[in-house]
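Peer 1: Here's a structure for you.
The values are calculated or read from the model by the stated rules, or taken from the named source; none is laboratory data. From a predicted model like this one, the values you see are computed outputs, not experimental measurements. We place every Cβ from the backbone using ideal geometry, glycine too, and count neighbours over all the protein chains shown.
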Amino acid sequence: MLQKNKSNRLIFGLPKPILLGFYIISVIAIFFIMGFFINFFIEDPGFLLVFLSIPYLIITILIGAFLYVLSYIPSNLAHEFDRIKNAIAIKEINTPEAFAEKISLFLCDFFNFIFFDIEHSFVKIKNSNIVYSNKKIQDDLKDKIEHALHKSKQTKEVFYIGKLNFLRNNYFLYIIPIWFGGNWYGFFGVLTRHKLWNVFKVLLDDFEDDFVDDQLIHVLNNYEISCSRELFQDTDVFSKKITQKKYKFITEYQKDLLKLIIDKNKCFGGIFKSIYSKEWVHYLDSDLISNSQLVIEFCSKLSPPDYPHIYHDCELIEFIYIYTIPVGFKERIGLLYLFDNTNIHFERFENIIKRVMEEKVFNDLENLAIQLKLKRIN
């Protein structure tokens, strides 16, 4: 199992007043000790003291500012991030995209220090599109995203991608993978004006580990529950129509269900076949209607697995992914095929659709078949 490096964190746990107080006392003490030795060895050290004091003052200010940043971030990060946690709690942030947008903006707003300045950021959550703090940077990042996606699934550590020139400015690109419970959930990237020291990469690592990952899980769980409840409620309409005997043919029910599933998944189309009818019900994008017979012929030759889905690369038609969903759990009484050029929507709603097909649609088809006195077709 991948593990994170937990070293170099002692300074983050020190209270800010203690750290800064110790630093100020040390600076003053060193200055007096330095002055004492200069005065001891040199008879008239006035000019030398002034000459040495200026660079000493500049160095101590820079080091003080650096220590202030290190102490400020841990002590204030939780307070500032609390707004996002509250928004999640009250369901104001209720989708992966909304969460990604908040995180991308938060990164740019909070991490705004002289040594640690995040100018732009973007967030990729599993089964969702990438959200950018500045959409103009999207085209410039195209070549970097694939590498970031691949490597973020292999490591939990912050890693450096390379330089990026955007709007005549040079930036350094870092990727922070998002992991929780041994599972990969995406990553977020930051573009900084300066190459980050290891201590700042540790801070970003801590931010993901202590703030981002668990809140993302809350959002994903709430989103799945919400979508599942909504889909079950939508299919209740069809169940009531069955109870009210409004369906004259079983294919009418299949068409209603197919259209609903396609609309929810925002995919190109699909086809539906049950064991109570020889007819393949299809609902396809208007530009692809002419290929409906080819689609049906292709899908009829597939051997769907017991697992809820499989992807097929179909070169004969204009689809990239064919998503196979059996109706029923122990007993399969139908097959639903969905088509799209991406697997994002399918993977996001996989568990939801699987439950609906296993529980609701299975019972509805059986009840409607009994009502219409239909026999199973082998």
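This table checks each residue for (1) modelled with pLDDT of 95 or more; (2) surrounded by 18 or more Cβ atoms within 10 Å (Cβ to Cβ); (3) in contact with a Gly (Cβ under 6 Å, 6 or more places away or on another chain); (4) of a type in the set (A, V, I, L, M, F, W, C).
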{"site": "91", "(1), (2), (3), (4)": "no, no, no, no"}
{"site": "95", "(1), (2), (3), (4)": "no, no, no, no"}
{"site": "99", "(1), (2), (3), (4)": "yes, yes, no, yes"}
{"site": "123", "(1), (2), (3), (4)": "yes, yes, no, yes"}
{"site": "142", "(1), (2), (3), (4)": "no, no, no, no"}
{"site": "170", "(1), (2), (3), (4)": "no, no, no, no"}
{"site": "175", "(1), (2), (3), (4)": "yes, yes, yes, yes"}
{"site": "183", "(1), (2), (3), (4)": "no, no, no, no"}
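Peer 1: Next up: On the given criteria, is residue 227 outside the structural domain of residue 355 (by TED's automatic domain parsing) and at pLDDT below 90?
Peer 2: Criteria met by residue 227.
Peer 1: Something else now. Please determine, by comparing only the residues of the range 101-121 that are surrounded by fewer than 18 Cβ atoms within 10 Å (Cβ to Cβ) and in contact (Cβ under 8 Å) with a residue 60 or more places away in the chain, which one is nearest to residue 188 (Cα to Cα).
Peer 2: This residue is 117.
Peer 1: Filter the range 215-249 for residues that are hydroxyl-bearing (Ser, Thr, Tyr) and under 17 Å from the mean Cα position of the chain (by Cα) and give the result.
Peer 2: 223
Peer 1: Cβ-Cβ distance below 6 Å, separation of 6 or more or different chains: which pairs start in the range 366-377 with a residue that is assigned to a loop (DSSP other than H, G, I, E, B) and end on one that is surrounded by 13 or more Cβ atoms within 10 Å (Cβ to Cβ)?
Peer 2: Close Cβ pairs (under 6 Å, with a partner that is surrounded by 13 or more Cβ atoms within 10 Å (Cβ to Cβ)) amount to 374/276; 376/275; 377/275.
Peer 1: Anything in the range 103-134 that is of a type outside the set (A, V, I, L, M, F, W, C) and closer than 27 Å to residue 197 by Cβ? List them, or say none.
Peer 2: Scanning the range 103-134 gives 104, 109, 112, 117, 119, 120, 121, 124, 132, 133, 134.
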